[in-house]
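In what follows, a structure is listed as structure tokens, so that the remarks can point back to it.
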Amino acid sequence: MGFDKASDRTPAWQSASREHLWMPYCQMQTAPLPTPVARTEGVFLILSDRRRLIDGLASWWSACHGYNHPHIVESMTRQLHCMPHVMMGGIQHQPAATLATRLAAILPGDLNHVFFSDSGSVAVEVAMKMAIQFHRNLGDRQRTRFVSFAHAYHGDTTGAMSLCDPQRSMHAHFGDALLQQHSLPIPDSPERLEQFDEFLTRHGEQIAAVFIEPLVQGAGGMRFHSADVLTEIDRSCRKHGVLWVADELATGFGRTGTMFAVEQAGVVPDIICLGKALSGGAIGLAATVARDGVYQAFLSDDPSKALMHGPTFMGNPLACAAANASLDLFETEPRLEQVSQIESQLVTALEPCRNLSNVVDVRCKGAIGVVQVDRLHQLDQLRQHFVDAGVWVRPFGDCIYLTPSLTITADELTQLTEAFVTVTTQWSSNAS
Ligand SMILES: *Cc1c(COP(=O)(O)O)cnc(C)c1O
């Protein structure tokens, strides 16, 4: 059995593939057929039946300049004809070298050493290995465990899954099959901060690193915390000789109002993970970037002190060309100003949702707008109502949220939020 129903709008390729294309986070037996998309353009998804949806998600935070941005398309096209891919073992090429240099220049502090991979989860795995081996190379073999926080999401591979919230995450199912890490409440109050610091005092000697999604926790519930939390984590980790890793897969590249979320706290993590919008959302690319002190621990006459990792498609030239073009756009177009305009528009536009009976909270940060409800029921119907209203919004957990392209115009955003508020309001009144 595949998806539960087709309609006359279903294109032939989709009917023919019903049992072959296994979809993510999807109960294949009961889910309705996915929305067939034929093309993208700016902030629009254009469906097989020619309907145009304003994309409220920018393909999971990634399409920061909208889709098919001509500058990115042109750079990728040029690169495609020149060299789509070459292995990185023993070989270097200009797109990766230039991108590493440019990332080091825009990242805070001495985050200077860039290790590329092909997806965010792998960037997190690399950060875990980097942190463990950092301590080993310095002669400390005790530090093999990690601390992460309640509601954390750090990816779908097994190492990354072990860093997700052990009870509440989509990976809770795998709990007993995973490495056991430590999950603590995020230190956003004096008591919790004391608890965090005390934990490191007692168990710090086993901890290689603390992982946090700075300012905004994404897939684990779209929760925000203040920049002070990062300042305190930084201070406590330094005190206990523990590294800390900023997972900026979702928050990086302007999403929270600054190029990187950690900038708002003025602190520099030991390692930062980047992906999603790194390539402008055009193609898979991720990076794990280390500070000087971390990198130096890998330098030795001893070959076994090298970082033993190397994905086949590491530093893919096509992806690096897209990322270099994306950085050009951040330099030449006013993305961060656009983010602050999006934020003020979202704050005003989503406010009416606060009065709905089953809404728990409405919050916005940068180009992120979240309506948290007490319970999401009839999720499939709700998603369909958004499509019928001409927008692409995909609620999950207890959140209905927007993370549009940073290039969305005021008019497009108005259309998006009007549809968002209308559908959410109708859904809410049917529920109560
Ligand atoms: C998306 C995401 C990941 C995983 O990245 P993939 O490219 O999907 O593997 C990890 N951490 C955070 C915070 C993310 O948002």
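Tabulated values for the structure
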read-out: Any chance residue 325 is within 29 Å of residue 85 (Cβ to Cβ), aliphatic (A, V, I, L, M) and touching a Pro at 6+ places or on another chain (Cβ under 6 Å); value: no
read-out: Hits in region 1-45 (condition: over 30 Å from residue 410 (Cβ atoms), at pLDDT 90 or above and either aliphatic (A, V, I, L, M) or part of a strand (DSSP E or B) (or both)); value: 12, 16, 21, 23, 28, 31, 33
read-out: Some residue of region 294-309 being in the same structural domain as residue 145 (by the TED database) and within 16 Å of the ligand (Cβ to nearest atom); value: yes
read-out: Residue in region 282-292 that is hydrophobic (A, V, I, L, M, F, W, C), within 15 Å of the ligand (Cβ to nearest atom) and farther than 25 Å from residue 404 by Cα present; value: yes
read-out: Unmet requirement for residue 169, which otherwise passes all of (1) assigned to a strand (DSSP E or B); (2) within 14 Å of the ligand (Cβ to nearest atom); value: (1)
read-out: Residues located in region 367-391, provided they are closer than 23 Å to residue 224 by Cα and of a type outside the set (Asp, Glu); value: 367, 368, 369, 370, 371, 372, 373, 375, 376
read-out: Elements of type strands (runs of 3 or more DSSP E) contained in region 215-297, each with 2 or more residues being out of contact with any helix residue (DSSP H, G or I) (no Cβ under 6 Å at 6 or more places or on another chain); value: 271-274, 286-291
read-out: Flag if residue 175 is more than 16 Å from the ligand (Cβ to nearest atom), assigned to a loop (DSSP other than H, G, I, E, B) and among the small types (Gly, Ala, Ser); value: no
read-out: Region 421-432, residues that are assigned to a helix (DSSP H, G or I) and surrounded by fewer than 20 Cβ atoms within 10 Å (Cβ to Cβ); value: 421, 422, 425, 426, 428, 429, 430, 431
read-out: Enumeration of residues in region 399-420 that are outside any helix (DSSP H, G or I) and buried (at least 24 other Cβ atoms within 10 Å of the Cβ); value: 400, 402, 403, 404, 405, 406, 408
read-out: Residue pairs meeting the criteria (Cβ under 7 Å; at least 6 apart or on separate chains; first in the same structural domain as residue 416 (by the TED database), in region 36-47; second among the aromatic types (Phe, Trp, Tyr)); value: 40/67; 41/67; 42/67; 45/392
read-out: Residues located in region 238-271, provided they are under 30 Å from residue 77 (Cβ atoms) and in contact (Cβ under 8 Å) with a residue 40 or more places away in the chain; value: 249, 250, 253, 254, 255, 259, 260
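Quick grid of which residues meet (1) at pLDDT below 95; (2) within 11 Å of the ligand (Cβ to nearest atom); (3) closer than 22 Å to residue 112 by Cα; (4) touching a Pro at 6+ places or on another chain (Cβ under 7 Å):
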{"residue": "214", "(1), (2), (3), (4)": "no, yes, yes, no"}
{"residue": "226", "(1), (2), (3), (4)": "no, no, no, no"}
{"residue": "237", "(1), (2), (3), (4)": "no, no, yes, no"}
{"residue": "242", "(1), (2), (3), (4)": "no, no, yes, no"}
{"residue": "245", "(1), (2), (3), (4)": "no, yes, yes, yes"}
{"residue": "254", "(1), (2), (3), (4)": "no, no, yes, no"}
{"residue": "261", "(1), (2), (3), (4)": "no, yes, yes, yes"}
{"residue": "267", "(1), (2), (3), (4)": "no, no, yes, no"}
{"residue": "280", "(1), (2), (3), (4)": "no, no, yes, no"}
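The values are calculated or read from the model by the stated rules, or taken from the named source; none is laboratory data. Keep in mind it's a predicted model, so treat the numbers as computed, not measured. Because the Cβ atoms are built from the backbone with ideal geometry, glycine has one as well, and the counts that use them run over all protein chains shown.
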